[in-house]
1. Once the Cα gyration tensor of the stretch 92-203 is diagonalised, what are the square roots of 5 times its eigenvalues, in whole Å and ordered largest first, as equivalent ellipsoid semi-axes?
2. Nearest 0.05, what FRET efficiency do HIS49 and LEU22 give at R0 = 25 Å with Cβ-Cβ as r?
3. Determine, from the Cβ-Cβ distance of GLU208 and TYR15 and an R0 of 22 Å, the FRET efficiency 1/(1 + (r/R0)^6), rounded to the nearest 0.05.
4. How much length, in nm to one decimal, is gained on full extension between ILE38 and LYS75, taken as 0.36 nm per residue of separation minus their Cα-Cα distance?
5. Among ALA184, ASN25, ASN43, which residue has its Cα positioned farthest towards the positive end of the charge dipole of the chain, with +1 placed on the Cβ of Lys and Arg, -1 on the Cβ of Asp and Glu, and the dipole taken about the Cα centre?
6. Using just the Cα positions, wrap the stretch 5-89 in a convex hull and report its mean projected area in square nanometres, one decimal place.
7. Could I have the simple spin-label model distance between GLN172 and LEU115, label points 7 Å from Cα toward Cβ, reported in nm to one decimal?
8. Which angle from 0 to 90°, rounded to the nearest 10, does the C-alpha axis of helix 12-23 make with the longest principal axis of the chain?
Amino acid sequence: MKKSVYILGYSGHSYGVIDAFLSNNINVSGYFDIKEAINNPYNINYLGHENELPLTEIVKNNFVFPCVGSNKLRKTLSALFSKANLNETSIVHKNAYVSNNSSIGKSTVVCNGALINPNCVIGNFSIINTGAIIEHDCLIDDFVHIASGAVLAGNVKVKEMSFIGANATIKQGVKIGRNVLIGAGSVVLNDVPDNSVFVGNPAKYLKENVY
């Protein structure tokens, strides 16, 4: 991997991504966003509006990484990345663990303290956030966010665009549908259908999750 990367988006979620790059001695050379950030804790140069990204020569020979928490927006950005033929990479924090028998998709981040055990497949443009645990044989599709401290027991499947809230627990073998939101701290014991919000212990249907 080259030792420099440019990021798209610079706010709360991006800090964890930046920390992952820095833990691997990879420099973050600049950022694109809809406007210049008020807070700049990493002293990164603002390079312009995100719409200028495909036209900017500086990124042509370097990696670009999406630093946005929204699954929907990351899906939109994936089309931009593809159309502009941008160089994509994944990043695993130095203090995270990913089994050699598991795979991580492009433009996906595995944050500090996360653990991914054997025979897992993690899709593209996804987030495995701080301290999340993904047990053996899990399948996580594209544009998924597994929030901080969530636990997926073995052989769990999560379809694209879904969000598993902080400290939620998913029972072994459960299937989470497309565009699902699991509330923070919920305990999911049964399969969850597409486009739904489930919360509580045990998790129960709350409402439709509108895309």
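What follows draws every value from the coordinates through simple rules; no lab data is involved. Since the model is a prediction, treat every value here as computed from it, not as a measurement. Here the Cβ positions follow ideal geometry from the backbone for every residue, glycine too, while neighbour counts run over all protein chains shown.
1. 20, 13, 13
2. Working from the Cβ atoms, E equals 0.50.
3. 0.10
4. 10.7 nm
5. Positive-end residue among those listed: ALA184.
6. The number I arrive at for the stretch 5-89 is 5.1 nm².
7. The modelled label-to-label distance comes out at 1.5 nm.
8. Tilt of helix 12-23: around 70 degrees.
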